[in-house]
Amino acid sequence: MPTIKEVAKTAGVSVATVSRVLNNNGYVGEDTREKVSQAITELNYKPNAVARSLYKKQSRTIGLIVPDITNPFFPELARAVEDVMNRKGYTVILGNSDEKAEEEKAYLTMMEQKYVDGAILATNTMDNEQVHAFNKPVVAIDRAIDSTVPTVFSDNLSSSREAVRHLKDLGCQVIAHVRGPEHVNNANIRCQGYIDVVGETNWFHNGYIVNGNYSSQEAYQSALTLLKDHPEIDGIFAGNDLMAIGVLKAARDLNIVVPDQLAVIGFDGISLCETTFPELSTMAQPIYQLGETAAEMLIDLIEQKQLTKPYRKYSAQLIQRQSTNKSLIMSAHDDQS
C-alpha cells in the first residue's frame, strides 16, 4: 500500500501539503493541488481511514442499533438508513441488541471507541442520561427515548384505533388484542388504541388481551390459548405483523377459518404480509420513509445544522388483504382458474 510520504515524493511536495489537499484544509495552489491529485491517482493511494478517524475523531461512520434483526421491519428500516448514508459517504455499523440493555450499552461503548459520528437508536432500555453521556448526535426511531432526543415514529395511537375500527366495521362482535412487550412504549400505545375503541363495550374484559412479545412463536402460543378459552372471539388485532402471522397459524391449527370465522389484522406493513395465506391485512407504516428521515436528521445533526422539526410523526395506512376480506380470497381463486 502506498503511503502519504510516497505521494508527497511523487508530487514533489511536503507531506503537510498532501495532508491539506486530502483534508481540503488550508491554502494550496491549483498547480500544486493538481500535482498531488495526479500522484494520488498514479499510486492508487487510499487514505488510512483508521488513522484519519483517530486524528480527527471523526470516521464518517454512524451506528444503528435495532432490538431484533429477525423481525423483517428492522432490516427494511436499516436498508433505508444505509441507502441515505451511502449517498452521503457514510458507513453504517449495525448492532442487534436482542432487547437487552447490556447489549445496547456495549454497542454504544464500542461505537464511541470507534469514533462514530452519531447513532440511530430503536431502543426502550436507554434513558436520557445514557444517551447524553454518549456525547454524539442521536436520533431515536420507532421508539421514543426522551423529549430531548429527536425522534422519528408512526402515529401508533390513531393507527391502532383505525385497525380495531376496521374489525368492528366488518361486523366483528368480540375483538381481542395480541400485544407487544410491556416495556416497549409503542406496544403500550397500540394496546391503548385497542382499549380506546372497545374498552367501554359490555363484552370487554382484560382476558381478551394477551402478550405475544412481538414474536410470532409467542403470539402463536398465546393465540392458541386465547382462542381455545374464548371461542366467541371473531376478530384479533395484533400489535405487529409477526404476531399476526402467529395468530394465523394458531387459527389454522384450530381449524378456524380466516376471515370467515376470525378476522385478523397486524401492524407494520412488512413485505412478508403478502406471502402468508390468507394474505395479511395490516396498518402499514412508511418503513422506508421512517429510516430515510432518521438518517437525514442525523446527518443534519452531525453537520451541526438546526433541525426544523425534531419530532417527525407519520401516519400508518390501512392495507386490506385476505385476512379481513373474504372477497379478496374469492377474487384470487377466480384469477387462478
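Structure above, values below:
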{"item": "Accessible-area order (highest first, 1.4 angstrom probe) of the listed residues Ser216, Ser154", "result": "Ser216, Ser154"}
{"item": "Value of D in µm² per second that Stokes-Einstein yields for the chain, Kirkwood Rh from Cα pairs, at 10 °C (1.306 mPa s)", "result": "71 µm²/s"}
{"item": "Cβ crowding within 10 Å averaged over residues, with 69-75, 135-141 ranked highest first", "result": "135-141, 69-75"}
{"item": "Whole-Å semi-axes of the ellipsoid equivalent to the stretch 1-141 (Cα gyration tensor, √5λ, descending)", "result": "39, 15, 12"}
{"item": "Rounded Å value of the spacing that divides the Cα centres of the stretch 161-204 and the stretch 210-286", "result": "13 Å"}
{"item": "Computed accessible area, Lys5, all protein chains, 1.4 angstrom probe, square angstrom", "result": "150 Å²"}
{"item": "Gaussian network model of the chain, Cα within-10 Å springs - most flexible of Asp31, Asp169, Asp253", "result": "Asp31"}
{"item": "Convex hull of Cα atoms in the stretch 110-236, direction-averaged projection (nm²)", "result": "9.3 nm²"}
{"item": "Net charge dipole size for the chain [Lys, Arg +1 and Asp, Glu -1 on Cβ; Debye, nearest 20]", "result": "1340 debye"}
{"item": "Contact order normalised by residue count of the chain, Cα under 8 Å, 6+ apart, percent", "result": "15 percent"}
{"item": "Net charge over other residues, Cβ less than 14 angstrom from the Cβ of Ala163 (K, R count +1; D, E count -1)", "result": "0"}
{"item": "Inverse mean reciprocal Cα-Cα distance (Kirkwood Rh) of the stretch 226-335, Å", "result": "15.8 Å"}
{"item": "Tyr288 accessible area, 1.4 Å probe, all protein chains in place, Å² to nearest 10", "result": "90 Å²"}
{"item": "Largest to smallest accessible area among Arg190, Arg321 [probe 1.4 Å]", "result": "Arg321, Arg190"}
{"item": "Residue-normalised accessible area of the stretch 235-337, given per residue in Å² at a 1.4 Å probe", "result": "46 Å²"}
{"item": "Accessible heavy-atom area order of Ser159, Ser19, highest first, probe of 1.4 Å", "result": "Ser19, Ser159"}
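The values are calculated or read from the model by the stated rules, or taken from the named source; none is laboratory data. Owing to the predicted nature of the structure, the values given are computational and were not obtained by experimental measurement. Quick reminder, even Gly has a Cβ in these numbers, built from the backbone with ideal geometry, and neighbours come from all protein chains shown. Accessible surface is based on the protein model in full, side chains and every heavy atom, while ligands, DNA and RNA are left aside. Shrake-Rupley method; radii C 1.70, N 1.55, O 1.52, S 1.80 Å.
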